[in-house]
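Everything on this sheet refers to the single structure shown next.
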Amino acid sequence: MGTDRRGIDVHTMMGHMHIELGARCLGSLAKFSQEPVHVIVHEDGSVTEEDMEEFCAQVPNSSFVMKKDADTQMNDFLDKYPACKRLRDNLVFGLKIFDIQVLGSDENLAYTDCDILFLKPFSDLFQMPPDPNAGGVFMRDRIQGYCLRSTQLLLTPGLKLADRLNGGLLYFRRAAFDWDLVEWFLTHNQFKVHP
């Protein structure tokens, strides 16, 4: 489970505009987690040296993956998934979807958005359920947040999506990430109703 003397690796993504908010929220994660955490920030290309210093001063057990450094490795990997590469090149959330998957090193990956504030002590947040077939643990949303309409889902019977999944806080098995399915989905224009 991604633990060593640094703690559980918890990935996040942010840019220059969210450094102060991210430091406050991820600082609360580190403060209230009963297990030590190592925060890995995947930045969007806008973070400055000063931003990193400010963030690391508030979240000491943290490190940054700079977009310019990740681009070469990501582009090489995504050469075999051109639709995924286009999404990453054109939508900042492509970094969240793909970079943590490719650049992560643990069997399971922990992720939190940079705007989730923790208010009291917790433990075992990043833990798989006992079911060995479970692909991950996700927040449950009040509504569906998919980029396709429910009628489109009904007209595509082979496509199964998790109900009311919220990607703001998750823990998942890297091996359960289906690159071929994501590539297939992204090549169908009828699913591009909402960005």
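The values are calculated or read from the model by the stated rules, or taken from the named source; none is laboratory data. Quick caveat: nothing in here was measured; it's all calculated off a predicted structure. Quick reminder, even Gly has a Cβ in these numbers, built from the backbone with ideal geometry, and neighbours come from all protein chains shown. With ligands, DNA and RNA removed, areas are computed over all heavy atoms of the protein, side chains included. Shrake-Rupley method; radii C 1.70, N 1.55, O 1.52, S 1.80 Å.
Just the residues that are aliphatic (A, V, I, L, M) and surrounded by fewer than 19 Cβ atoms within 10 Å (Cβ to Cβ), please, taken from the range 17-55. If you could, list the steps in order and put the result at the bottom.
Applying the first criterion (aliphatic (A, V, I, L, M)) to the range 17-55 yields 17, 19, 21, 23, 26, 29-30, 37, 39-41, 47, 52.
The answer is 17, 21, 52.
Among the listed residues 41, 47, identify the single one that is assigned to a strand (DSSP E or B) and either under 28 Å from residue 89 (Cβ atoms) or small (Gly, Ala, Ser) (or both).
Criteria check complete, one pass: 41.
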Quiz item: Just one of 118, 138 is surrounded by 12 or more Cβ atoms within 10 Å (Cβ to Cβ), at pLDDT below 90 and touching a Leu at 6+ places or on another chain (Cβ under 6 Å); which is it?
Solution: 138
Quiz item: Counting only residues that are more than 24 Å from residue 26 (Cα to Cα) and in contact (Cβ under 8 Å) with a residue 12 or more places away in the chain, how many does the range 120-133 have?
Solution: 0
Exercise. For the range 74-113, enumerate the residues that are open to solvent by less than 60 Å² (accessible area, probe 1.4 Å), farther than 24 Å from residue 128 by Cβ and part of a helix (DSSP H, G or I).
Key: 74, 75, 77, 78, 83, 84, 85, 87, 88, 94, 95
